[in-house]
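I have placed the structure first, in the form of structure tokens, so that the comments after it can refer back to it.
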Amino acid sequence: MLAYDALKRAITQMDIYGSAAEFRLDERQLSETLGVSRTPIREAMTVLEQEGFVRSVPRRGIFVVRKTKREILDLIVVWAALESMAARLAATSASDEEIAGLRRLFNEFEAAPPAGPMHEYSEANIAFHQAVIRMGGCRLIVDMTGNLFLHMRAIRAVSVRQENRFEISMREHMAIIDALEQRDPDLAERLVREHTMGLAAHVERHGVFPE
């Protein structure tokens, strides 16, 4: 399981929708990087392929699976349903400290957008959504979103660099935090759902993904 966890973390960190290039996994290189034999690497690859994260192409190797645009839009809809329910639960069950932690994620970005690459904001954005899911306190929602997270992370990382998504994202995050601080489950649920469906609309207009 160590090889599996390490491989999945490595894939999750890849910018798989940031370019048209395919992401090939080199078994020998992974073995050297992780300091394990190639047998657990192959076993982990088999599990990841069964889960739909990678695909084996005869005589070419193992490649990270990228969703089609239609699949991505469906995935975002499912995430919106799950995270909005988590936000509803968090509005009444999360601690004051947990909610304050959400605001701290964005302290350094409130005055102005990042001067350079959006990587740090993208990481804060992703941490925000993971935290909302976790704060809902529903183990099943956490587990179900875990299977979607690899692609959602990559989609958000690309979209936040496009158009004026930073300004929109910041404004909507602050409104969600306000709703949680007010302990308003209806408002928190609605704002999270609208925020994520806004991402779907953005992907529909600007996303360049496999067809």
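Can you find, within the range 162-171, the residue that is modelled with the lowest pLDDT among those that are under 19 Å from L73 (Cβ atoms) and surrounded by 15 or more Cβ atoms within 10 Å (Cβ to Cβ)?
The residue in question is Q162.
Restricting attention to the range 188-208, which residues are in contact (Cβ under 8 Å) with a residue 40 or more places away in the chain, assigned to a helix (DSSP H, G or I) and either among the acidic types (D, E) or over 14 Å from E83 (Cβ atoms) (or both)?
E189, H202, V203, E204, H206
Confirm whether L75 is open to solvent by 10 Å² or more (accessible area, probe 1.4 Å), within 23 Å of I126 (Cβ to Cβ), touching a helix residue (DSSP H, G or I) at 6+ places or on another chain (Cβ under 8 Å) and in a helix (DSSP H, G or I).
Criteria met by L75.
Need the failing condition index for E98 against (1) open to solvent by less than 70 Å² (accessible area, probe 1.4 Å); (2) at negative phi, just the number.
All conditions are met except number (1).
Restricting the range 28-64 to residues that are in a strand (DSSP E or B) and among the small types (G, A, S), which is least open to solvent (accessible area, probe 1.4 Å)?
Step by step, filter the range 28-64, then rank; the result is G61.
Could you count how many residues in the range 115-152 are more than 18 Å from E194 (Cα to Cα), buried (at least 20 other Cβ atoms within 10 Å of the Cβ) and in contact (Cβ under 8 Å) with a residue 60 or more places away in the chain?
2
Kindly list the number of the only condition in (1) surrounded by fewer than 17 Cβ atoms within 10 Å (Cβ to Cβ); (2) of a type in the set (D, E, K, R); (3) in contact (Cβ under 8 Å) with a residue 12 or more places away in the chain; (4) over 19 Å from R153 (Cα atoms) that fails for K69.
K69 satisfies every listed condition except (4).
With the checklist (1) in contact with a helix residue (DSSP H, G or I) (Cβ under 6 Å, 6 or more places away or on another chain); (2) buried (at least 18 other Cβ atoms within 10 Å of the Cβ); (3) modelled with pLDDT under 95; (4) not acidic (D, E) in hand, flag the one item L25 doesn't pass.
(1)
The values are calculated or read from the model by the stated rules, or taken from the named source; none is laboratory data. Since the structure is predicted, the reported quantities are computational estimates derived from the model, not experimental observations. All Cβ positions, glycine included, derive from the backbone under ideal geometry; neighbour counts span all protein chains shown. Please note that ligands, DNA and RNA were not included when accessible areas were found on the heavy atoms of the full protein model with its side chains. Shrake-Rupley method; radii C 1.70, N 1.55, O 1.52, S 1.80 Å.
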